[in-house]
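Have a look at the structure below before the remarks.
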Amino acid sequence: MDMHPYQTPPRWWSPMLSPGWFRFWRFMRKRIRVKHHRLMDIEIQGLENLEQCMEQGHGVLITPNHSCHADPSTLYWVAEQLRTPFYFMAAWQVFQRASRTRLLILRHHGCFSVDREGTDVRALRQAVDILQHKSHPLVIFPEGEIYHINKRVTPFRDGPAAIALTACKHTDRPVSIVPCGVRYQYTTSPMGELLELMDRLEEQILWRPKRNLILRKRIYQFAEAILGLKETEYLGQAQTGTLPERIRALAEYILQRMENRYGIDDRSPSLPERVKACRRHAIQLTENADLSEQEHAAAKIDLDDLFIVTQLFSYPGTYVSAKPTIEEMAEVLDKFEEDVLREPTASIRATRRAVVSLGKPILVEPGKGGKSQIHTLTENLEKEVQALLDNIQMK
């Protein structure tokens, strides 16, 4: 996973959506999609569901899963087929690290920044205003992070549902959410480059490359070795049990210890939300001028530990244990490339195709359920997107 800087954002970046500039940048989008992401074909299913909402004048929120860095390019292709640009909510770190030209391009494409670790009032107001008044759909990735899991969703955050419910309370036009599932498939074999990457990974931990083993076993043994190192670091020794049990236990140990120190008693059942709550506390400590240098350093260590928890959460532990597809093995190696070799983003090793499935719109109706209504809508969205992924038939 990409290690973002965690702090209070230096500023907020607003959208500058322009249909004219969207058309102007079409060649650049194609270049990125083909040359960088190596996406040679994109199939869209259920486009009529989105078209129907737009034709009826609804405020439209699209909620895709977020399995890889190519997702925005894939959604831009959907926008091209509709001949209308989309708004995108994106982490503020994306804007901070962008060059001046890239920053302008992002804003011309309707992107605006959000602080995912706090209550970003400006971003929330912008999102609500889009759903209430704008003719262009808004795209929000409810998973928040990129977990490199192509066939499964991870727990959705409550933000998108809360935004949709807020928007429909103060507007006369209907607000609909269109669930969206995106899956990728290699069209040429990446096996040669995957084996080369596996060699590099094993050498990184001072192993001789185990070329006598099939790739699935090499991945699993490497995962156990890396996990054992982390268990020794935090617990004093490698633990026993299955890989999923050990991953969950280590993440829980780190997170629970931090929650106890911070006095967080109202704990969400969702691990990403628990991480978010702890991270908010740690950021406040790092920026508190009244604390000592030692206390600031301790808070920064907590931020590093929370990143470890998020990394652990991104590994299901059973993804390559049975009969994995080439895509599933590649996704785990993508994680290793970013987490072990410290690459900013995983390499794309062969040409691919994508399938985008747009589900039946969910008409959002205002109610008085408060947080329970938000949680219910979030759970429904998560189930709908997972169902779309399950029903995508890859070639």
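No lab work stands behind these numbers, since they all come straight from the coordinates. Computed from a prediction, not measured in an experiment: that's the story for all the values here. All Cβ positions, even for glycine, are placed from backbone atoms using ideal geometry, and neighbour counts span all protein chains on display.
When the dipole is taken about the Cα centre of region 33-175, and only Lys, Arg (+1) and Asp, Glu (-1) are charged at their Cβ, what size is it in debye, to the nearest 20? Could the numbers behind the result be given before it?
Numbers: 17 positive and 15 negative charges, 111 e Å.
That gives region 33-175 a dipole magnitude of about 540 debye.
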Handout entry: Two-decimal Rg to Rh for region 169-208 - Kirkwood Rh, Cα set
Key = 1.51
Handout entry: Under 5 Å, built H, 5+ apart or other chain: amide partners of residue 46
Key = 358
Practice task
Would you work out if region 1-133 is rounded, prolate or oblate? Take a ≥ b ≥ c from the square roots of the eigenvalues of the alpha-carbon gyration tensor; rounded if a/c is under 1.5, else prolate when a/b is larger than b/c, oblate otherwise.
Solution key: oblate
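Determine, for each peptide in 292-298, 128-134, the mean count of other beta carbons within 10 angstrom over its residues, then list the peptides with the highest first.
Values: 292-298: 11.3, 128-134: 18.9.
Descending packing order for the listed peptides: 128-134, 292-298.
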Completion exercise
For residue 88, the residues 5 or more places away or on another chain with a placed amide H closer than 5 Å to its own amide H are 111, 112, 139
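What is the packing order of peptides 324-336, 377-389, taking the mean over residues of other C-beta atoms within 10 Å and listing the highest first?
Values: 324-336: 20.8, 377-389: 19.2.
By packing density, highest mean first, the sequence is 324-336, 377-389.
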Practice task
Could you rank the peptides 203-213, 90-100 by their average count of other C-beta atoms within 10 Å per residue, with the highest value first?
Solution key: 90-100, 203-213
Handout entry: Column: log10 I(q)/I(0), Debye, Cα scatterers of region 191-339, q = 0.13, 0.16, 0.17, 0.20 Å⁻¹
Key = -0.68, -0.92, -1.00, -1.21
Problem - For region 120-182: rounded, prolate or oblate by the Cα gyration tensor [a/c cutoff 1.5] - result: prolate
Handout entry: Amide proton proximity set for residue 65, modelled H, under 5 Å, gap of 5+
Key = 180, 182
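From the helices alone, meaning DSSP H stretches of at least four residues, give me the mean residue ellipticity at 222 nm for the chain, per-run term -39500 (n - 2.57), in deg cm²/dmol to the nearest 500.
Values: 15 runs with 198 residues, N = 395.
Calculated from helices alone, the mean residue ellipticity at 222 nm is -16000 deg cm²/dmol.
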Problem - Shape category assigned to region 301-381 from the gyration tensor of Cα positions, a/c cut at 1.5 - result: oblate
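Name the helices (complete DSSP H segments) of the chain with a Cα length along the long axis of 15 Å or more and a Kyte-Doolittle mean of at least -1.0, or state none.
Numbers: long enough: 71-82 (17 Å, -0.18); 121-133 (18 Å, 0.11); 159-169 (16 Å, 1.04); 191-204 (20 Å, -0.49); 215-235 (29 Å, -0.19); 243-262 (29 Å, -0.69); 271-286 (22 Å, -0.47); 293-313 (30 Å, 0.16); 326-339 (20 Å, -0.67); 371-391 (30 Å, -0.74).
Qualifying helices: 71-82, 121-133, 159-169, 191-204, 215-235, 243-262, 271-286, 293-313, 326-339, 371-391.
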Exercise for the section: Could you pull out every one of the lysines with an alpha carbon less than 18 Å from that of residue 151, ignoring same-chain neighbours closer than 8 positions? Expected result: 323, 335, 383, 395
